[in-house]
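Structure record follows, encoded as structure tokens.
Any read-out appearing in this document is the output of simple, stated calculations on the displayed coordinates, not a laboratory observation. Since we're looking at a predicted model, the values are computed, not measured. Neighbour counts are summed over all protein chains in view; Cβ atoms, including those assigned to glycine, are modelled from backbone coordinates with ideal geometry.
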Amino acid sequence: MASEATTFPAPQSDLRILLLGGGGREHALAYKLAQSPRVAKIFVVPGNGGTEMMGGKVENVKIPWGGKHGYLDVVTFAVTEQVDLAVPGPEQPLVDGVESLFKKGESWHLQRMGLDLMKRWYLCLWTQSRCRSP
């Protein structure tokens, strides 16, 4: 049940965000991102108890990732759900090369589904406090 603290503004756009991670940093990121009226949906993979309780725009998604699992299931989910922005909370996904998988996923998705080539995914590099287009 959402409390007054987790009642977020109605979305004014269809921006869909995938947030990788399950710790306190990801909870804080999800909370602040959900406060933006520009954000329609935030998928937190795998999320935590705090993000699970947020409800509304924020949804935990239980997909195994990293280590022996890799990131292909996460990229497939992002393609299927038409995610616009991928935000790695911890540094490890970047070290593991998740950025290149998202780039490949975008190409595969555009070829398979024939989507508008103007649509872009942006991988936000929080550790460097900047965003760049792939």
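Cross-link partners among lysines for residue 41, C-alpha distance below 26 Å, same-chain residues fewer than 8 apart left out?
Partners within reach: 32, 57, 62, 103, 104, 119.
Based on the mean of other Cβ atoms within 10 Å per residue, sort peptides 85-93, 64-72, 15-23, 29-37 so the most packed one is first.
My ranking of the peptides, most packed first, is 15-23, 85-93, 29-37, 64-72.
Calculate one ³J(HN,Hα) per residue across the range 63-68 by plugging θ = phi - 60° into the Karplus curve 6.51 cos²θ - 1.76 cosθ + 1.60, and present them in order as whole Hz with x for glycine and proline.
After applying 6.51 cos²θ - 1.76 cosθ + 1.60, I find 10, x, 8, x, x, 5 Hz.
Going by amide H atoms built from the backbone, whose H comes under 5 Å of the H on residue 60, apart from near neighbours?
Amide H neighbours of residue 60: 44.
What nm value, rounded to one decimal, do you get for the distance between residue 72 and residue 96 when each label is placed 7 Å out toward the C-beta?
1.4 nm
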